[in-house]
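First up is the structure itself, then whatever we jot down about it.
None of the figures in this text is laboratory data; all of them are computed from the coordinates on show. Just so we're clear, the structure is a prediction, and the values are computed from it rather than from any experiment. All Cβ positions, glycine included, derive from the backbone under ideal geometry; neighbour counts span all protein chains shown.
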Amino acid sequence: MTRRDLLAYLPGLTLLLFLAPVAAGLIGTWLPAFGYFPALEGHGFSLLPWQMLLAHPGLPESLRLTLLSGFLATLTSFLLTIVFLAACHGGRIILAIRGLMAPLLAVPHAAMALGLAFLIAPSGWLVRLVSPWATGWDLPPDVASLPDPNGLALTLGLVMKELPFLLLMTLSALEHSRADERLAIARSLGYGPVMAWMKTVLPAVYRQIRLPIYAVLAYSLSVVDMAMILAPLSPPPLAVQVFRWFNDPDLTMRFVAAAGAVLQLLVVVAAIALWRLGEILAARLGRAWIAGGRRGGKGRALRVLVKAAIQTLVVLAAAGLLAMALWSVTRRWRYPDALPSSLSLDIWSRLGNDIVWTTGTTLISGLAAAFIALALVLGCLENEQRRGLTISTRALWLLYAPLLVPQVAFLFGSQVLSIQIGIDATWIALVWSHLLFVLPYVFLSLEDSYRALDERYSRTALCLGASPNRVFWRVKLPMLLRPVLFATAVGFAVSVTQYLPTLFAGGGRFVTLTTEAVSLSAGGDRRVMGVFAFLQAALPLAAFAAALALPKRLARSRALREQRA
Amino acid sequence: MTVVSVAKEHGLVLRQVELAHGGQRLLGPLSLTVAPGEVVTVMGPSGCGKSSLLAFVCGTLDPALEGSGRILLNGEDISRRLPEERHVGILFQDDLLFPHLSVAGNLAFGLPPQIRDRRARRARIEEALAEADMAEFYDRDPATLSGGQRARVALLRTLLSEPCALLLDEPFAKLDVALRARFRSFVFDHARAQALPTLLVTHDPQDALDAGGPVLEIDAAGKVCAGTDRPLEQRGPEPRRTTE
């Protein structure tokens with residue numbers, strides 16, 4: 001009986017575990033933003049932090065960069081996703097791209113950004129490949145391709161990371177929207193394939209991908225690690241600027257930083273509201289558009305175009321990863337050679353000690369966060385099934401909360417909280433801060449398969465006399481092995497990606513592959529950067545490979561046993 | 001339909017069972033008795049709550065539904081017991097063999113834990129398989145079995161758990177006609193041999209005919225509209241109306 005009761009408390013505990021730090025963090029950031037921060041002699045309320053923030057000369061430019069790259073990246077990712085799925089519905093390329101998207105999703109943001117930087121910098125691989133024979137550039141060209149003044153490199157990097165996420169979310173939404181039937185009807189009424197998809201499938205699918213889109217928008221508007229690598233830095237996008245203020249040696253700048261963090265939150269809230277307005281407008285216009293009855297053409301040109309765009313992005317991402325790997329084993333690679341002139345593992349052996357420590361920290365925090373998240377999620381889902389509860393849309397919003405609230409807007413407050421309860425800069429704080437972002441993703445990647453498992457299996461097992469706990473361990477878990485391992489790998493990958501949480505919660509004591517890769521990006525030795533960025537990308541990919549291989553391995557050993565018997 | 005008033009009765013007894021959803025009655029009230037070795041058939045259109053009735057009996061009713069009434073098994077009220085403590089076996093339309101376990105693994109899952117000794121457990125499973133002419137299937141993956149073989153393994157798994165009653169939720173519906181007749185007699189023979197009270201729900205009249213026991217008919221509104229205490233074949237073409 002007690003165990004049953006414990007399970008019933010689990011959803012509440014889980015929500016508390018990951019909402020309390022967000023809520024406390026927001027309050028702990030808002031108070032200093034209005035001058036109240038006793039630790040730094042701020043005992044009363046004032047608007048001084050805001051006056052200093054608004055007087056900052058770089059603020060308008062920071063805001064412009066933030067809004068431009070955030071909206072452009074979200075809009076591009078969204079349009080590419082739906083046009084690709086509309087134009088290629090049912091085609092083999094969707095399966096192929098889907099297979100490629102999962103590993104791309106696993107690559108941490110910072111690694112993707114560094115890979116892209118290796119490609120598009122004035123002395124990057126792309127220029128080297130075509131110079132000097134095609135361009136005549138014997139020296140790296142004097143163009144501001146990285147960073148460019150409008151943050152387009154950042155936008156491109158964001159699209160490369162957000163497209164896989166949106167594509168996979170939309171594909172899974174498609175499975176619940178009877179798309180084939182809708183399309184068959186529309187096609188039989190004379191609609192072209194793309195038009196049929198846009199008019200009959202998109203309205204059903206959009207509802208389900210709304211939250212992921214908001215998450216993408218919020219992320220793109222507040223990204224720090226990618227921006228530090230790809231965006232202009234004087235002045236930088238708002239989130240980077242706020243992060244700098246938080247790290248300013250002049251402690252009074254904490255107040256300005258807190259005000260900036262609140263501004264960052266306001267920017268995200270306003271952007272989501274604006275997007276929502278756009279949705280309403282698009283829905284109204286869309287209804288008239290659908291009622292107009294235009295059938296549309298075969299959409300062949302569009303298909304060619306969107307396929308090319310997606311393939312280009314995939315090639316860019318892959319080439320970026322390859323460039324990092326190549327740089328990490330380079331001894332000499334003179335401009336404008338297309339390939340290194342000599343290779344060696346010197347860098348690897350020279351960095352050996354650092355590599356072991358940072359990889360170890362990354363592994364421990366990642367595995368701990370992933371497995372704690374897995375246990376909590378499994379407990380919640382199991383509790384939900386035993387009690388016949390279903391999660392409401394509103395609860396889903398709670399789940400998305402840590403993904404919608406900009407990290408820089410609450411992590412400072414959470415850090416203050418962790419200092420107060422005495423866990424600042426400990427493993428507990430580090431893993432907990434990762435858990436906030438790991439948990440939602442583990443839940444999202446596991447819930448469908450968990451609920452889809454035919455409940456008659458567990459009923460049968462119960463009627464055979466097995467207790468609910470035995471049913472869970474012996475029937476459900478083995479049958480769900482594949483999605484459970486996959487969700488664990490997702491959780492691990494999300495943890496590896498975390499940059500700001502590691503810095504804030506870790507109090508600077510913990511160096512992971514991600515923090516190392518980002519801090520090295522300012523330095524300039526591409527070989528060292530290559531090592532850490534490569535490792536950072538390799539770790540999550542290895543986790544996914546293991547999650548896919550293990551069930552197959554078990555199946556094979558079972559088949560062998562059977563043969564022998 | 002035998003009317004029962006004695007509590008200390010062998011077999012499965014349902015008393016005034018009713019299923020409701022949000023206060024709205026779905027099925028019932030329904031009372032019936034299944035004597036050991038007897039097969040009682042409940043017939044009705046799909047959606048009338050037949051399967052939920054069986055779920056109520058084995059304690060796995062969808063929490064969104066409310067069930068009331070009493071279930072007595074060999075004289076004991078089991079209505080409030082946990083599913084795993086009821087000793088009621090159930091077979092569904094699909095065999096639901098656990099795909100991650102071998103045939104023997106599935107059967108061992110059903111075998112009560114009181115049989116401790118590994119060799120004794122193995123012997124029980126081999127004996128059951130041999131008796132079903134499936135001795136060579138011990139180590140096989142269920143996925144490699146034919147539909148009829150899987151159905152038989154599913155029944156063996158249930159029987160090995162030593163249930164005190166057997167519930168059948170249209171377990172013949174997905175088998176082809178020739179196989180269906182054979183598996184039907186396989187199930188009924190075993191149920192009779194072990195003197196299990198058996199409750200069958202179906203919409204196939206042939207199932208009811210073969211069961212050879214009392215038949216209860218439920219209409220789309222979940223009301224009992226006809227019943228007989230005699231096997232179907234002895235009745236006229238039209239079911240006898242009851243006054244309920």
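Points to keep in mind about this one:
- Neighbour-count order for A:H109, B:H87, fewest beta carbons within 10 angstrom listed first: B:H87, A:H109
- Within the protein assembly as shown: Cβ-based charge dipole about Cα centre, in debye rounded to nearest 20 (Lys, Arg +1; Asp, Glu -1): 1160 debye
- Helix-only [θ]222 nm of chain A, DSSP H runs n ≥ 4, -39500 (n - 2.57) each, per residue, nearest 500: -24500 deg cm²/dmol
- Here is the tail figure for region A:398-523: Cα pairs spaced more than 19 Å apart come to 60 percent of all pairs.
- The antiparallel fraction among DSSP beta bridges confined to the protein assembly as shown stands at about 60%.
- Shape summary: the protein assembly as shown maps onto an equivalent ellipsoid whose semi-axes, from the alpha-carbon gyration tensor, are 60, 29, 28 Å in decreasing order.
- Among the lysines of chain A, pairs that are 8 or more positions apart or on different chains and have alpha carbons within less than 30 Å of each other number 7.
- Here the residues A:V496, A:V205, ranked from fewest to most Cβ neighbours within 10 Å of their Cβ, fall in the order A:V205, A:V496.
- Ellipsoid semi-axes for region A:325-420, based on the Cα gyration tensor and the rule √(5λ), read 45, 18, 17 Å when sorted largest first.
- Size descriptor for region A:285-338, Kirkwood hydrodynamic radius: 15.4 Å (Cα pairs only, one decimal).
- Shown is the FRET efficiency for B:A143 and B:A123, computed with R0 = 22 Å from the Cβ-Cβ distance and rounded to the nearest 0.05: 0.30.
- Taking the average, over residues, of other Cβ atoms within 10 Å as the packing measure, peptides A:224-233, B:36-45 rank A:224-233, B:36-45 from highest down.
- The amide H of A:G192, built 1.01 Å from its N in the peptide plane, has A:G296 as neighbours under 5 Å, considering only residues 5 or more places off or on other chains.
- Counts of other chain beta carbons within 10 angstrom of each beta carbon in peptide A:497-506 average 0.
- Nearest-20 debye value, region A:342-425 charge dipole, Cβ charges on Lys, Arg, Asp, Glu: 300 debye
- Once you divide the Cα radius of gyration of region A:267-403 by 2.2 N^0.38 Å, the number left is 1.79.
- Positive-end extreme of charge dipole, region A:103-205 - chosen from A:L146, A:S123, A:L168 (charges on Cβ): A:L168
- Note that region B:73-146, at 20 °C in a medium of 1.002 mPa s, gets a Stokes-Einstein diffusion coefficient of 151 µm²/s from its Kirkwood radius over C-alpha pairs.
- Where labels lie 7 Å past Cα in the beta-carbon direction, separation of B:A221 and A:R553 in nm: 6.2 nm
- Inter-chain shielding of B:96-104 (mean C-beta neighbours from other protein chains, 10 Å cut-off): 5
- For region B:69-131 and region B:40-66, distance of Cα centres in Å: 21 Å
- Shielding by partners for peptide A:450-460, expressed as the average number of C-beta atoms from other protein chains within 10 Å of each residue's C-beta, is 5.
- Residues of type aspartates and glutamates that B:K223 reaches as a straight line, Cα spacing below 16 Å, ignoring anything fewer than 8 places off in the same chain: B:E18, B:E244
- Dipole orientation for the protein assembly as shown: of the candidates A:G506, B:A181, B:G222, B:A181 has the Cα lying most toward the positive pole (charges on Cβ; Lys, Arg +1; Asp, Glu -1).
- Axial C-alpha extent at least 30 Å, average Kyte-Doolittle at least 1.6 - helices from chain A (DSSP): A:152-174
- Dividing the C-alpha radius of gyration of chain B by 2.2 N^0.38 Å, with N its residue count, gives 1.02.
- Calculated mean residue ellipticity, 222 nm, chain B: -8500 deg cm²/dmol, from DSSP H runs (n ≥ 4) at -39500 (n - 2.57) each, averaged per residue and rounded to 500.
- Alpha-carbon geometry of region A:127-236: the Rg and the Dmax are 20.8, 60 Å, given in that order.
- The fraction of all Cα pairs in region B:134-215 landing in successive 10 Å bins from 0 to the largest distance is 16, 51, 29, 4, given as whole percents.
- Relative contact order for chain A: 24 percent, from Cα pairs under 8 Å spaced at least 6 residues apart, divided by residue count.
- For region B:137-234, share of DSSP beta bridges that run antiparallel, in % to the nearest 5: 50 percent
- Legend: ranking of residues B:C225, A:C380 from fewest to most surrounding C-beta atoms inside 10 Å; resulting order B:C225, A:C380.
- Taking only the alpha carbons of region A:467-565, we obtain Rg and Dmax values of 19.5, 61 Å in that order.
- Three principal axis extents of region A:371-434 based on alpha-carbon atoms, in descending order, are 40, 23, 17 Å.
- FRET E, pair B:K174, A:L13, Förster distance 51 Å, beta-carbon r, rounded to 0.05: 0.75
- Hydrodynamic analysis of region A:31-90 uses the Kirkwood radius over alpha carbon pairs. Inserted into Stokes-Einstein at 20 °C and 1.002 mPa s, it gives a translational diffusion coefficient of 142 µm²/s.
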